[in-house]
Amino acid sequence: MKTNKNRPATAIIITALAVFTLPSSVMAQKAVANRTELQRHDLSIPGREMVQVRVDVEKGMSFPQHTHFGEEVIYVLEGVLEYQVAGQQPVTLKAGDVLFIPYGTVHSVKNVGTTKASELATYIVEKDKPLVTLIK
């Protein structure tokens, strides 16, 4: 049986090519590894959909500035999160608090608590657009 000694190098090259050729919208959605899509439904408004995601943010972790092609409604499930929304002072929310992010508004979030934090994010967004777009 013939073995391929270059198999690890080949795997690294293929992985690198995949990462560098993925659309930025896909990479943006991977930026927070702890995102769990719960549901996605078309709306009665043509071209719009609702997407609901649970976002788990580890202690000390932050998610960089980004936007969405629609509105975001945040409900904090646990922990303490600090949101920076463009044009506003930072706001710190704890479990049970809510926040509305208007369409296209640049914002970021950081876990400022002592434990993992989680939010339920509900998006009303343009269909077939990236859910998250990172600001460079």
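State whether one or more residues within the stretch 82-89 are touching a Lys or Arg at 6+ places or on another chain (Cβ under 6 Å) and closer than 17 Å to S62 by Cβ. Yes, the stretch 82-89 contains a residue that is touching a Lys or Arg at 6+ places or on another chain (Cβ under 6 Å) and closer than 17 Å to S62 by Cβ.
Inspect the stretch 112-128 for any residue being of a type in the set (D, E, K, R) and at positive phi and give the result as yes or no. The answer is yes; a qualifying residue exists.
Table: residues versus (1) over 30 Å from I45 (Cα atoms); (2) modelled with pLDDT under 95; (3) surrounded by 18 or more Cβ atoms within 10 Å (Cβ to Cβ); (4) touching a helix residue (DSSP H, G or I) at 6+ places or on another chain (Cβ under 8 Å).
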position: Q65; (1), (2), (3), (4): no, no, no, no
position: H68; (1), (2), (3), (4): no, no, yes, no
position: L77; (1), (2), (3), (4): no, no, no, no
position: Q84; (1), (2), (3), (4): no, no, no, no
position: T115; (1), (2), (3), (4): yes, no, no, no
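Of G104, G113, G96, G79, all but one fail to be closer than 23 Å to R48 by Cα and of a type in the set (G, A, S); the exception is G104.
Can you work out which of the residues in the stretch 92-108 that are β-branched (V, I, T) and not in a loop (DSSP other than H, G, I, E, B) is farthest from I124 (Cα to Cα)? Spell out how you get there, then give the answer.
Step one: list which residues in the stretch 92-108 are β-branched (V, I, T), which gives 92, 98, 101, 105-106.
Cutting the leftovers down to not in a loop (DSSP other than H, G, I, E, B) gives us 92, 98, 101.
Numbers: T92: 23, V98: 16, I101: 11 Å.
That would be T92.
The values are calculated or read from the model by the stated rules, or taken from the named source; none is laboratory data. Being a predicted model, the structure only gives us computed values, none of them experimental. Neighbour counts run over all protein chains shown; Cβ positions are idealised from the backbone, glycine included.
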